[in-house]
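S.K.: Here it is, the structure, as structure tokens.
No value in this document is a laboratory result; all are computed from the given coordinates. These numbers come from a predicted model, not from an experiment. Don't worry about glycine lacking a Cβ; one is built from the backbone with ideal geometry, like all the others, and counts go over all protein chains shown.
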């Protein structure tokens, strides 16, 4: 292997992913960013049907209509967060961005082997294969928008509020293993929602209040000082809200 570089990132993009990556760039300068293509929607929903059943998936798809309606009026809230917290939510100009079809492609394995990073930062990717995880000795460190293990999977902040557990609205930085957000935990942040927040602002709110735990975890990794731990919470994986669940929670609990 070549001489080690400090850091490399794996992502499929998205505002909260770029917020974290840009924060790391401010500290560590330019580093390679492997940007995977979005998974085709057809394949995504096929996997969901096999896992959850056709009726539940149909209800998840139907929920997209009221979700679009509740997006109205959230732009000023997001713009205020960008100003107040100096959030940089766009791909950085001039960055070393390497586009790949999938985070699990042989191309990614070869890039990791050649670059030989001390740490791999993961944010918003599909599940990472065993071949990729074993391609280098560096720890794979994931930013997850939810408190693990109670809110693994998707939309952890929303479901914490929907379940009347606002104390579990926050984010987790953890080591990546072969499970869905099941790796040992490095740091967690608790974040408070604000008036007007809803499904479309939660990811922004968590990202604004959680950059520091990403910075701490990567610093620990580069200093060879990671201290992973387990958290004593019930473990559950979440997916997208269903139509009935989203409407019922919004009407009865005012969580949209």
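S.K.: Rg and Dmax of the range 113-256, Cα atoms, in Å?
M.R.: 16.0, 54
S.K.: If you don't mind, another one. What does the highest-first list of 165-175, 101-111, 83-93 look like by mean Cβ count within 10 Å?
M.R.: Going from most to least packed, we get 165-175, 101-111, 83-93.
S.K.: Continuing with this model, one more query. Among (i) 115; (ii) 128; (iii) 232, only one was calculated for this model; which label is it, if the read-out is volume of the Cα convex hull per residue in Å³?
M.R.: Of the listed options (i) 115; (ii) 128; (iii) 232, (ii) comes from this structure.
S.K.: While we're looking at this one, here's another question. How big is the gap, in Å, between the Cα center of the range 40-54 and the Cα center of the range 74-145?
M.R.: 24 Å
S.K.: Using alpha carbon coordinates only, what is the Rg to Rh ratio of the range 52-202, with Rh defined as the Kirkwood radius?
M.R.: Ratio value, two decimals: 1.00.
S.K.: Per-residue counts of other Cβ atoms within 10 Å, averaged by peptide: what ranking do you get for 205-216, 21-32, highest first?
M.R.: 205-216, 21-32
S.K.: Give the share of C-alpha pairs in each 10 angstrom bin for the range 12-107, from 0 to the last occupied bin, in whole percents, shortest bins first.
M.R.: 13, 29, 31, 24, 3
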